[in-house]
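Working notes for the structure below.
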Amino acid sequence: MLEPLRNERRDYAWKYFSFHADQRIKTFNFYILLCTVVVGGILAFIKDARSPWMASPGTMLLAFASFVFWKLDRRNKDLICHAEKALRRIEIATCEDARGSLPPECCVFSTEDLATEKTKSENGRPTWSPLSWPCGYFTYSTCFGWVFAVIGFGSLALTFALPLLPANQPAQQVPQQQFFIGGQAATPAQQTGAAKP
């Protein structure tokens, strides 16, 4: 393959990879921001509402948003994988042309899969068992997926729990206390300097 053409293809694949990797992080950041705003609104509504169950549309919106953003993240991951395959193939061709003059560590994309699988087998994959969490190997997909699942299923659980919450009673007016000085009711101060008849 001609060197200028290879460089052009590598730049194209790298820009594609970089764009979708950046888009994946920005989408997740927007999801976290959206969740923060919705949860803040739900909590403010529940605090002052006479009927907390009326916040259910907000919790359902949160569950729906979690599902949609999870699907968007899966799509972004697929697009990133396509770019990684292209970069891996270009890198392998470059390493073959170098005929062993490049150390394997310089072939980042072509050796990454093996290194990741080795680390996963050594540390184990995280499962739903809390015992696997401290040492498990976490990827972006694993971490993002757990965040989507916790917020999505948590908001669904809250949707069904809201009707069980007691209704807030309006605050009753506390009667004002009357203060007495020396056993007598306080009287307004008399005007000074007024002429006496």
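Taking every eigenvalue of the Cα gyration tensor of segment 3-166, multiplying by 5 and rooting it, what semi-axes result, largest first, whole Å?
Semi-axes (√(5λ), whole Å): 44, 19, 9.
In segment 1-71, the inverse of the mean reciprocal separation of distinct Cα atoms equals 15.2 Å; this is its Kirkwood hydrodynamic radius. Once C-alpha pairs closer than 8 Å and six or more residues apart are averaged by separation and normalised to the residue number of segment 3-166, the relative contact order reads 34 percent. Against the compact-protein benchmark of 2.2 N^0.38 Å, the Cα-based radius of gyration of segment 36-86 scales to 1.75.
Counting other beta carbons within 10 Å of each residue's own, what order do SER121, SER155 fall into, fewest first?
Going from least to most buried by this count: SER121, SER155.
Values quoted throughout were computed directly from the atomic coordinates according to the rules given, and no laboratory measurement underlies them. Fair warning: this is a prediction, and the values are worked out from it, not measured in the lab. In this analysis, Cβ positions are derived from the backbone assuming ideal geometry, glycine residues included, and neighbour counts consider all displayed protein chains.
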